[in-house]
Amino acid sequence: MSILHTVNKSPFERNSLESCLKFASAGSAVLLIEDGVYAALAGSSAESLVKSGLDKVSVYVLGPDLKARGFREDRLIDGIQVVDYAGFVDLATEHDKLQAWL
Amino acid sequence: MPIVVDGKTFETDEEGYLSNINDWVPGVAGVMAKEDDLELTEEHWDIINFLREYYEEYQIAPAVRVLTKAVGKKLGKDKGNSKYLYGLFPYGPAKQACRYAGLPKPTGCV
Amino acid sequence: MSEVVKKFMYLNRKAPYGTIYAWESLEVVLIGAAFDQEVSLMFVDDGVYQLVKGQDTAGIGMKNFSPTYRTLGDYEVRYIYVDADSLAARGLTQDDLVAIAYEDMDTEEEIENIVEVVDAARVVELMDEADVVFSF
């Protein structure tokens with residue numbers, strides 16, 4: 001059973017991402033959206049958390065949300081993939097379930 | 001109440017400001033001014049264009065104090081005072097000129 | 001009667017767009033600017049993201065209010081502080097932030113950028129000095 005997890009909270013304000021990564025099974029996908037995209041940026045105190053997650057799951061970030069907040073792809077942690085809205089839909093259909101971490 | 005410019009209808013809010021700033025065409029100002037019995041001169045247009053540029057840059061309709069100061073800086077001290085601006089726009093330079101320019105009502109205006 | 005000038009501090013702790021706090025704060029600052037008080041803005045925690053330059057919201061269908069911060073100087077906001085630790089924890093530096101200019105009405109003295117990164121001890125001092133702190 002493959003699951004697409006979405007995280008829409010900043011890792012500095014809530015532990016949504018931390019819990020998501022803790023409970024997501026190996027091989028599932030995590031998509032960072034809205035304020036969740038801040039976790040995708042390199043050089044922050046959340047980087048080690050995200051990097052350890054990358055050993056277990058695929059991590060994606062929603063491009064329009066990243067751009068809205070003033071960041072380009074060159075600021076991302078290596079290994080994180082950018083998707084647009086169509087990519088979001090693709091991810092949703094490729095996985096059996098969608099689970100939101102609010 | 002919607003206004004009609006060259007046969008095209010533009011939606012406005014209850015106070016007469018354009019619902020969508022991107023709809024604006026210069027004719028909007030003309031029609032609005034006519035309803036106020038005001039004839040638009042080059043001096044009016046200087047202010048209307050200034051407001052559009054200001055909005056483009058800062059995404060905000062300036063309060064009247066800020067407008068006055070900014071006009072003085074851009075168009076000269078003789079124009080950057082309330083006497084001059086109220087002379088052009090008797091209903092209030094920020095409110096009235098913003099409406100003609102298709103901008104929302106200035107933040108902080110009641 | 002002498003005017004009592006109070007020190008108002010707006011404390012911003014939320015990222016833009018995800019919640020309404022950032023925009024609400026900015027609106028209150030712009031409206032409150034008419035009251036001739038000494039106004040400062042303090043950005044800590046995720047609030048520092050509000051000042052990140054290059055924001056482009058076309059793709060998410062929300063108003064980009066980031067350019068509006070650059071007009072705060074025109075609204076006589078004289079002091080804008082950013083907590084250094086919050087910035088560092090997010091992998092950001094002052095180069096990532098917008099510059100906000102200020103011109104003194106009386107002296108015509110112009111300051112290119114009033115955004116100031118301050119350490120925690122200074123944040124403590126500034127909060128103590130404020131007469132009122134508005135939290136967002």
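The values are calculated or read from the model by the stated rules, or taken from the named source; none is laboratory data. Since the model is a prediction, treat every value here as computed from it, not as a measurement. Because the Cβ atoms are built from the backbone with ideal geometry, glycine has one as well, and the counts that use them run over all protein chains shown. Only protein heavy atoms, including side chains, enter the accessible area calculation; ligands, DNA and RNA are left aside. Shrake-Rupley method; radii C 1.70, N 1.55, O 1.52, S 1.80 Å.
In percent, rounded to a whole number, the relative contact order of chain C is 32, using alpha-carbon pairs under 8 Å and six or more apart. Accessible area of the protein assembly as shown with a 1.4 Å probe: how many percent of it is carbon plus sulfur? On the protein assembly as shown, the fraction of accessible area on carbon and sulfur atoms equals 50 percent. In summary, the aspartates and glutamates within cross-link reach of A:Lys22, defined as a Cα separation below 16 angstrom excluding same-chain residues under 8 places away, comprise A:Glu47, A:Asp55. Using the Cβ of C:Arg78 as centre and a radius below 9 Å, the other residues enclosed give a net charge of -3, where K and R count +1 and D and E count -1. Working note: 222 nm ellipticity from helices only, DSSP H runs with n ≥ 4, each -39,500 (n - 2.57), summed and divided by the residues of chain B, gives -15000 deg cm²/dmol to the nearest 500. Here's the picture: a label point sits 7 Å out from the Cα of A:Ala100 along the beta-carbon direction, and within the range A:7-25 the residues with their amide nitrogen under 13 Å of it are A:7-9.
What is the range C:2-93 by shape, rounded, prolate or oblate, if you read a ≥ b ≥ c off the alpha carbon gyration tensor as root eigenvalues and call it rounded for a/c under 1.5, prolate for a/b larger than b/c, and oblate otherwise? In terms of gyration-tensor shape, oblate. Once you mark the GluC sites (Glu not before Pro) that are in a DSSP loop and have at most 13 other Cβ atoms within 10 Å, what is the longest gap between them in chain C? My reading of the result: C:4-107 is the longest stretch. Answer rounded, prolate or oblate for the protein assembly as shown, using the Cα gyration tensor with square roots of eigenvalues a ≥ b ≥ c: rounded when a/c is under 1.5, else prolate when a/b is larger than b/c, else oblate. Taking the square roots of the gyration eigenvalues as a ≥ b ≥ c, the protein assembly as shown is oblate.
In chain B the longest region clear of GluC sites (Glu not before Pro) that are loop-assigned by DSSP and have at most 12 other C-beta atoms within 10 Å covers B:40-110. Determine the percent antiparallel among the DSSP beta bridges restricted to the range C:7-135, to the nearest 5. Taking every DSSP beta bridge within the range C:7-135, about 15 percent pair in antiparallel fashion. Full extension of the chain between C:Glu125 and C:Lys63 gives 18.9 nm of extra length, using 0.36 nm per residue less the Cα-Cα distance. For the range B:34-100, chymotrypsin sites (Phe, Trp or Tyr not before Pro) are listed when DSSP marks them as loop and at most 14 other Cβ atoms sit within 10 Å of their Cβ; the list is B:Tyr91. Sorting B:Ile21, A:Ile77, C:Ile31 on solvent-accessible area from highest to lowest, probe radius 1.4 Å, gives C:Ile31, B:Ile21, A:Ile77. Remark: the range A:23-100 carries 46 Å² of accessible area per residue (probe radius 1.4 Å; ligands, DNA and RNA excluded).
A full extension of the chain between C:Val133 and C:Glu3 corresponds to an added length of 44.8 nm, given 0.36 nm per residue minus the alpha carbon distance. In the assembled protein chains, A:Ser28 presents an accessible area of approximately 0 Å² (probe radius 1.4 Å).
Accessible area buried by the pairing of B and C, both sides summed with a 1.4 Å probe, works out to roughly 1500 Å². Among the chymotrypsin sites (Phe, Trp or Tyr not before Pro) in the range C:54-133, none is located in a DSSP loop while being surrounded by at most 12 other Cβ atoms within 10 Å of its own Cβ.
Pairs over the 28 Å Cα-Cα cut-off, from the set B:Lys95/C:Lys14; A:Lys51/A:Lys97; B:Lys8/B:Lys74; B:Lys77/C:Lys63; A:Lys51/C:Lys14: B:Lys95/C:Lys14; B:Lys8/B:Lys74; B:Lys77/C:Lys63. Here is the interface size for C with A: some 1500 Å² of accessible area buried, both sides summed, with a 1.4 Å probe.
Bridge orientation summary for the protein assembly as shown: considering DSSP beta bridges with both residues in this region, about 20 percent are antiparallel. Taking a sphere under 13 Å around the Cβ of A:Leu4 and counting the other residues whose Cβ falls inside, with K and R at +1 and D and E at -1, yields a net charge of -2. Pick out, in residue order, every one of the GluC sites (Glu not before Pro) in chain A that is DSSP loop and has at most 16 other C-beta atoms within 10 Å; say none if there are none. Those that pass, being in a loop and sparsely packed, are A:Glu13. Is the shape of the range C:47-129 best called rounded, prolate or oblate, per the rule: a/c under 1.5 gives rounded, else a/b larger than b/c gives prolate, else oblate, with a ≥ b ≥ c the square roots of the Cα gyration tensor eigenvalues? Because a/c hits 1.5 or more and a/b fails to exceed b/c, the range C:47-129 counts as oblate.
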